[in-house]
Every structure is written in structure tokens, then in C-alpha cells.
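The values are calculated or read from the model by the stated rules, or taken from the named source; none is laboratory data. Everything numeric in this text was worked out from a predicted model, so none of it was measured. When we count neighbours, we look across all protein chains shown, and the Cβ atoms used for this are built from the backbone with ideal geometry, even at glycine. Ligands, DNA and RNA are excluded from the accessible area calculation, which covers all protein heavy atoms including side chains. Shrake-Rupley method; radii C 1.70, N 1.55, O 1.52, S 1.80 Å.
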Amino acid sequence: MTTARPHRTRSTRFRAILAAAAVTTALAAVTTGCTKEIKAAPPPGPATPPSPSADPQAAEKTALLGVYRAFWDASLKAYSTGSMKNTGMESVGADKAYAKVQATQIYYRDNGFVMTGEPVLSPQVTAMETAAEPPKATITDCIDSTAYIQVEKQSGKPVETRDKNRRHTAVYTALKIGGAWQIRDFDISRDQLC
């Protein structure tokens, strides 16, 4: 017995091919519409170098102003305790600057005075010669001592002073010795107000 094979005509085959193509096209359209397009990230470009500082001495000035503030912190300790011990002055102040702070501290101690409060500082590096040997710099400050008061150590009573203006210009000289800045001298002008 022979089984009859279904007979396909050319047009039937053609319709089957067209139907398969239509299904494939529809399936591709649906799949493409449902997926997100993934874009590759652009390749990294060359690293942008940091912009040069407007001031090539900015780091040195920052370091110097840090030493200047440490010098003031040490001075405040000496003037409030009546002693140069444990103030840290040796690492940030030398020469005439150290001697002037020590002389003032001795004056306060011998007269029974101490200083209370803190001055307001506004320092600026006004000159810097890093090529000098040793490197040197100048700091100019307007020191406001309105809240920095001399008092009697025993009673805490304020000491009357002749100076009614509490804002004075001061100039500090610094040298860089052994890779570290030190305040070496200063002059606080009683006549030049700020």
C-alpha cells in the first residue's frame, strides 16, 4: 500500500515562504522595539592635567602662613601662662622674634599680668624670595586686639592701657632654614593703624 503524498503546488509553497518571511519580519520588529539600544561608552580621552596655579608660590605661602599662626599660638600660650615652656615657640620662632616674645612674657609675669582672649589676625605674605639663600619672606598683618585683653593675674581685672586703638599694622620677617620656615623678627607699629 502506498500512501499518497499531499501534492503541493508551486503557489502553495510560495505562500508558505511568504508567511514564514512575514512571521520572521514581525518577530524581528517586535524584538527590536522591546530592547534598549546599548551604546558603548566613548573611549577615555587623555587625562586633563591640573591647571597650573595662578601663583607658583602658593604652597610656600600656605606653609609660611601656617607657621605664622603657630607662632601666634605659641605667643598666646607664653603670654597667658607667664612661661615659654611647652609653647612650641622653639620650632616656629627664633632670633629677635623669640627674644621679643620672651621679653614681653617676662614683663607680664614680673608685673602680675596675663593676656586673655585672642587677637583677630589678617596676615598676607607681601614678599617672598624663594631663590635667596636662605629663602626669606615678609608677612604683613593687621592685628585687631579688641578681644585680647591684659588683666591682673590674681584678680582678673583689666589693666588700663594708654593705647585706645586696638588695630595695628605689624610686619614679620621669616627665613626658611633646614627646609622649615621660622619667624625671625617682627615690628608692631603703634603709629600705623589699620
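Output the helices (runs of 4 or more DSSP H) that fall wholly within segment 1-113 and possess 2 or more residues being modelled with pLDDT under 55 and among the hydroxyl-bearing types (Ser, Thr, Tyr), or say none.
Result: 10-34.
For residues in segment 145-175 being in contact with a Leu (Cβ under 8 Å, 6 or more places away or on another chain) and not aliphatic (A, V, I, L, M), which is most open to solvent (accessible area, probe 1.4 Å)? Filtering segment 145-175 for residues that are in contact with a Leu (Cβ under 8 Å, 6 or more places away or on another chain) and not aliphatic (A, V, I, L, M), the one most open to solvent (accessible area, probe 1.4 Å) comes out as Arg167. Selection over segment 115-131 of residues that are open to solvent by 40 Å² or more (accessible area, probe 1.4 Å), more than 19 Å from Thr161 (Cα to Cα) and not hydrophobic (A, V, I, L, M, F, W, C) gives a count of 5.
Taking residues in segment 149-160 that are touching a residue at least 60 places away in the same chain (Cβ under 8 Å), and partners anywhere that are not charged (D, E, K, R), the pairs with Cβ atoms closer than 6 Å and at least 6 places apart or on different chains are Lys153/Gly112; Lys153/Val114.
Applying a threshold of 7 Å to beta carbon distances and a minimum spacing of six or more residues, or different chains, the list of pairs starting in segment 53-76 at a residue that is hydrophobic (A, V, I, L, M, F, W, C) and ending at one that is open to solvent by 40 Å² or more (accessible area, probe 1.4 Å) reads Leu76/Glu118.
Among the residues of segment 179-193, are any aliphatic (A, V, I, L, M), in contact with a Pro (Cβ under 6 Å, 6 or more places away or on another chain) and not in a loop (DSSP other than H, G, I, E, B)? No, because not a single residue in segment 179-193 is aliphatic (A, V, I, L, M), in contact with a Pro (Cβ under 6 Å, 6 or more places away or on another chain) and not in a loop (DSSP other than H, G, I, E, B).
Pairs linking a residue in segment 125-142 that is within 17 Å of Ile177 (Cα to Cα) to a residue that is in a loop (DSSP other than H, G, I, E, B) and modelled with pLDDT under 95, with Cβ atoms under 6 Å and 6 or more positions apart or on different chains, are Met128/Gln57. Every condition in (1) at pLDDT 95 or above; (2) part of a strand (DSSP E or B) holds for Gln150 except the one numbered (1).
Considering the conditions (1) modelled with pLDDT of 95 or more; (2) farther than 18 Å from Ala97 by Cα; (3) open to solvent by less than 70 Å² (accessible area, probe 1.4 Å), Cys142 is excluded by exactly one of them, (2). Could you check how many residues of segment 82-114 are open to solvent by 30 Å² or more (accessible area, probe 1.4 Å) and β-branched (Val, Ile, Thr)? Qualifying residue count, segment 82-114: 2.
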